[in-house]
């Protein structure tokens, strides 16, 4: 007598993980399957003993101390108290030369001057920044059962009980998003410095688009506003000096909070013509596991890679490594003189097996290092749906491997494919740690954007560890809020610390950050601390009496450098109303507004889908590739769904 | 937005009552130390104090376990305890006074079960304990461990089958229930 039902289905049955229909089906099948009945009896006994044994395990007196409990209970009762921390004495003020004057924005005066750089001034800044950084990842998983494409390794598929509480976005499964806690307004007298790393990733936009096109609103934590805003390129003038990028600041009224101001910081990397692109040493690391089988995964990966290879020439080399249950080199590093060999190798790839991303990553980096081109583009391009289910699947360990490998000078591009199974947070983390960028590709059009129009930006890093620090003038700005970039916040002292990793900028890339500013003197309800007993609050410098709104400082390293360069500008507000803002600012503001609505943000103010549409249309510009018009379509879809 | 009807105070208190012990054990297994585990669990509940009950309450258990796990992994990293438990290696809790699992068992069958669990890869152990000790659903375990439902299914099945094999050699399991 052979057993018809698979073991994992019987286990799921015994531990109550099957939904009603499956449960009934198993029960019915059991009637005519004596072997399975025997297995079920054994599993029941095993489960019972396991439960008992585990409950017995471990000392029962493992408890929090009374002091620890007290701290928790106190915190639960009242607002967060500010813990006092001792910090080393203030660093002296010192002066630095800004090396270059970069771009000028039309609406504001941008001055590159002898800038005063302020060391970290107070423990509170460090603390609040620290709090931001330690936001706990929270994963949202939801779904209707196992992935259909795991059939090969699992046999018959059990389907699982749906917990209605968890399944708040039905129809998508096992996608992981980190919890985003939006940046709150900060009081300038208490937190004068805002410090963060740039982020050129755009994956969240493509992901949001996928949800909307499928007819659901995206889960709030899938919406990373900075990635939405940065999906679009803006018409910032490229740098004219020998700095790798220019900076552009514009300040105007805030469309969703008329009494506030909206400030935009825009960076633009220098543009590179196709024939200027340095020689490339690329290693494609392609996930060919069973889950990659659907049309929008491996077949799309192959199309995207073909698109890329066709733009490469005799100075470029490509190797192809694949991983599934095991990893292997499909094509050793080959000159693109022989494009056909590369294209043929791509064509032959097929999917099957489970995913061990860890070993594949090791292999890909080894190949990239062996074929390293000094002064060239050395990059691993990882294409996956991110579901690493065998081998090194511990996210921390993968991240560690990549962090280690990034030191070799090989950069990483992570490209997420497919729907329903994208481990968004894993992939973004891998890219961050690997000096890399992260894109999400759901259609061939998107592949064209990443590997066609913006190939230079994808492949060629022109500056790394780009950090932004803004010091606000308390005489002008009462409070500020950085929109998005929640997982890119740095401690104030990290700005001058060259060992602290930050984001990269690629050739021709634009990076945009928006701040919502509350002018000084306006009332805003912020959690406050009691006045200090031993110190007087802020003493203003002479510069505070000027109309300067803030000082913008940028730090970056050349791609192969270890020491950072500093750029510094002061910004004034010329009181422009939002109606007079540039088309680019209008469009960026509409995208941010859209993001806030989707995130159900507390800060969305008067923003509505209709308002977003109106501003987006005003900010349409010439929209050469149609991306902005597509955005407007998405807003309409979201409006219809809400 | 709908609010949880109870006060924050009472809500956190109830969570503390229910999850203090299991979270401490979970954190102790990751950090290998009862004192570190206490710090981790304290941090977990402090984070809960800052959370919005309306958002968290519907999935409180996976939320707590996820925060606890991430915090514990951070702490372990900081403490230089990077070595994960290898196959066949029993855990040692040098400062916490927690012995190898099997020693805790008063009953021979239970000792056998715990001994098998000790030999499983760490991930299997974790998923298995979350299922049978902590009573999480597969879906919740997937959230906490950041793996797919299919992976959880595989891990729990493999672990339970391994234990069954061991027990089978000692008794007629099918007659036991």
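A short reminder: the numbers here are calculations on the coordinates, not readings from a lab. Owing to the predicted nature of the structure, the values given are computational and were not obtained by experimental measurement. All Cβ positions, glycine included, derive from the backbone under ideal geometry; neighbour counts span all protein chains shown.
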If R0 = 45 Å, then residue A:273 and residue A:530, at their Cβ-Cβ distance, give a FRET efficiency to the nearest 0.05 of 0.15
Two pseudo-spin positions, 7 Å from Cα along C-beta at residue A:337 and at residue A:606, lie apart in nanometres by 6.6
The alpha-carbon center of segment A:191-261 and that of segment A:471-513 are separated, in whole Å, by 13
With 0.36 nm assigned to each residue of separation and the Cα-Cα distance removed, residue A:499 to residue A:182 gains 111.5 nm
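Would you mind giving the mean number of other chain beta-carbons within 10 Å of the Cβ of each residue in A:36-45, as a whole number?
Numbers: counts 0, 1, 2, 4, 2, 6, 12, 8, 4, 11.
Per-residue shielding by partner chains comes out at 5.
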Neighbour-count ranking for A:516, A:633, A:548, A:56 (other C-beta within 10 angstrom, fewest to most) reads A:633, A:56, A:548, A:516
Between the alpha carbon centres of segment A:580-595 and segment A:300-331 the gap in Å comes to 38
In this structure, the FRET efficiency calculated for residue A:443 and residue B:168 from their beta-carbon separation, with R0 = 45 Å, to the nearest 0.05, is 0.30
Expressed in angstrom, Rg and Dmax over the Cα atoms of segment A:1-57 are 12.2, 39
Percent relative contact order for segment B:1-81, counting Cα pairs under 8 Å at least six residues apart, stands at 38
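Quick one: compute the contact order of segment A:1-57, relative version, from alpha carbon pairs under 8 angstrom and 6+ residues apart, as a percent. Show your work: numbers first, answer last.
On the way: 28 pairs, mean separation 24.6, N = 57.
Result for segment A:1-57 is 43 percent.
Using a 10 Å cut-off around each Cβ, can you sort A:367, A:529, A:415 from fewest to most neighbouring Cβ atoms?
By the 10 Å Cβ count, ascending: A:529, A:367, A:415.
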Neighbour-count ranking for A:271, B:170, B:126, A:428 (other C-beta within 10 angstrom, fewest to most) reads B:170, A:271, B:126, A:428
Expected integer from the mean partner chain Cβ neighbour count at 10 Å over B:65-74 is 3
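For peptide B:43-50, how many partner chain Cβ atoms fall within 10 Å of a residue's Cβ, on average? Walk me through the numbers on the way to the answer.
Numbers: counts 4, 2, 8, 6, 5, 3, 10, 7.
Per residue, the average neighbour count from other chains is 6.
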